[in-house]
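**Q** Dropping a structure here in structure tokens format, bear with me for questions.
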Amino acid sequence: MASPTVVRELQRDLENKANDLSKLQKDISKNHQIRKKYTIQLGENELVLKELDLLNEDANVFKLIGPVLVKQDMAEAKANVKKRIEYISTELKRLDSTLQDLEEKQNNKKETILKLQQKIQSLQAGKGKA
Amino acid sequence: MEAPIKGTVTSLSSLFPVEEAQKASKRVEESRTERQKQLDQLREFAADNNTLINLVQRLPDQLHHDIMVPFGKAAFFPGRLVHTNEFLVLLGEGHYAERTAKQTVEILNRRGKALEVQVEAVKALMQDLKAEASFFDATASESADGLVEIREDYVEETSTKEASMKGMYHLLLIYVLHINGTVKPELTISSEAENVPSVKDEEYDRILSRLAELEKEEEEAENANQEELGEAGSDISLDDVILEEEMKSSELKERGESRFQSTEKFPDNWHVEGSKSTSKENCLPENLAYGKFNLTESAPREPQVKEDAPREPQAKEDVKAPVIAEAKADALPTKPRFDSSKAFTGSIIEHTSDVNSREQSVSRSSKPVSRFKMQRK
């Protein structure tokens with residue numbers, strides 16, 4: 001009878017697929033964490049930009065670089081913050097697309113796993129009857 | 001009614017195993033405590049901000065303050081605070097600005113407002129989670145109590161006219177066949193709504209007005225303009241496709257909440273009476289009739305959900321979700337997506353989903369991942 005080997009093979013396959021799935025899920029959760037971080041940063045940067053916009057042109061602005069405060073031009077500071085916001089936004093977009101990709105993969109994996117499980121079950125049921 | 005084996009009887013515990021429901025409720029509880037922590041932290045920030053504002057306002061009152069200057073971790077030495085009207089304010093991201101006390105207070109006030117907004121957002125989330133938790137708890141207890149769900153596929157021959165309207169909010173008609181044989185259809189509007197309540201309200205108004213229009217037309221003239229309605233109907237179905245997309249992406253708990261709201265929002269007088277429904281059938285738009293056909297022929301849901309296949313399980317969740325609500329007793333008014341108390345007056349409940357898809361959904365129900373998908377942010 002070939003069915004025991006078939007079942008064994010299927011089970012091995014299932015195991016591999018399950019591992020893949022858990023890996024994917026880990027990736028997704030990592031993605032979520034990074035995204036959370038970036039979203040917080042984006043909010044902070046937007047706040048900074050708002051405050052900078054509210055400042056007078058002649059106000060003294062400093063940037064903390066390492067241990068020292070470096071005096072910065074108002075325009076320069078604004079440009080820096082804007083650039084940062086832009087960067088974060090693109091990064092967020094990128095993360096979104098990868099997340100979508102990952103979720104699609106995850107769903108596909110889930111489906112194949114389900115199919116495999118059903119196959120195994122039907123095989124086992126058939127064996128039990130025979 | 002006459003045919004004995006028409007519907008199916010499924011115990012709720014087979015659809016939603018007790019342990020699964022309990023697990024889900026535990027998970028919701030966990031995320032709730034997490035949010036609570038976040039909320040506490042935000043409140044702390046806000047309090048800190050307020051004390052800081054007070055301090056900054058008081059500092060320039062005097063030219064200098066005698067203070068103890070912290071030196072290292074545990075040591076202090078006496079010192080004097082001068083330039084009491086000059087502040088170096090951290091704006092965030094390593095940017096500092098020199099401000100006066102007054103300007104600083106302005107900045108701090110703005111910050112406080114931002115914090116308030118965040119607090120409100122977290123509060124709303126908490127409420128959603130609370131609703132979800134109670135939902136799962138109720139499901140678990142009902143499942144443990146051995147509640148039974150009765151379903152029957154709609155058969156065209158019966159005198160009842162079935163109209164399925166899938167509007168912006170997935171209107172569903174539930175027909176309750178009474179034991180005495182008289183058939184009295186009731187229109188229950190369910191919403192698998194999502195997202196922002198403001199949008200929802202608007203759209204509800206639109207649906208309501210559309211329904212009102214339809215009813216008026218029926219009453220005034222039996223032969224309503226077919227083409228006009230057909231057009232309106234196609235609008236609906238288009239929107240519907242979009243809606244289905246949205247529904248799937250939306251969180252379960254949000255649906256749970258809006259479900260509750262929807263039943264409240266629709267007064268009983270929106271239920272179409274049996275006498276009217278006959279005429280209503282005549283002016284049904286084609287695609288609605290198609291939807292009905294879909295239901296009555298026990299066709300799978302796929303035609304309506306043309307989107308990608310991986311989403312299918314969740315679409316089935318959507319189908320399945322109302323089932324619990326129906327099976328629920330009226331003692332639980334917070335849950336039902338449908339007007340459950342009404343829907344349960346009869347012996348048999350007509351439903352949009354067919355046996356096949358339900359069976360699939362049963363088999364899937366052992367997979368909690370998609371059903372209890374938590375909101376991640």
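**Q** Does residue B:33 meet the test of being modelled with pLDDT under 95 and under 25 Å from residue A:64 (Cβ atoms)?
**A** Numbers: modelled with pLDDT under 95: yes; under 25 Å from residue A:64 (Cβ atoms): no.
The answer is no for residue B:33.
Rundown of residues vs (1) surrounded by fewer than 16 Cβ atoms within 10 Å (Cβ to Cβ); (2) under 30 Å from residue B:140 (Cα atoms); (3) of a type outside the set (A, V, I, L, M, F, W, C), yes/no style:
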site	(1), (2), (3)
B:8	yes, yes, yes
B:17	no, yes, yes
B:31	no, yes, yes
B:39	no, yes, no
B:72	yes, no, yes
B:86	yes, no, yes
B:96	no, no, yes
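**Q** May I pose another question? Among the residues of region A:64-85, which ones are surrounded by fewer than 17 Cβ atoms within 10 Å (Cβ to Cβ), among the basic types (Lys, Arg) and closer than 18 Å to residue B:90 by Cβ?
**A** A:71
**Q** Name the single residue that is nearest to the other protein chains (Cβ to nearest Cβ) among those in region B:94-117 being touching a residue at least 24 places away in the same chain (Cβ under 8 Å) and small (Gly, Ala, Ser).
**A** The extreme case among them is B:112.
**Q** A follow-up question, please. Does residue B:129 qualify as being part of a loop (DSSP other than H, G, I, E, B) and either away from chain A (no Cβ under 14 Å) or closer than 20 Å to residue A:43 by Cα (or both)?
**A** Answer is no for this residue.
**Q** Are any residues in region A:64-95 more than 11 Å from chain B (Cβ to nearest Cβ) and either touching a Ser or Thr at 6+ places or on another chain (Cβ under 7 Å) or touching a residue at least 24 places away in the same chain (Cβ under 8 Å) (or both), and if so, which ones?
**A** A:82, A:89, A:91, A:92, A:95
**Q** For region A:20-44, name all the residues that are over 14 Å from the mean Cα position of the chain (by Cα) and within 9 Å of chain B (Cβ to nearest Cβ).
**A** The answer is A:41, A:43, A:44.
**Q** Can you name the residue in region A:45-63 that is among the acidic types (Asp, Glu), more than 7 Å from chain B (Cβ to nearest Cβ) and not in a loop (DSSP other than H, G, I, E, B) and, of all such residues, is nearest to residue B:94 (Cα to Cα)?
**A** Residue satisfying both the conditions and the ranking: A:46.
The values are calculated or read from the model by the stated rules, or taken from the named source; none is laboratory data. All values derive from a computational prediction rather than experimental measurement. FYI the Cβ positions are ideal-geometry reconstructions off the backbone, even for glycines, and counts take in every protein chain you see.
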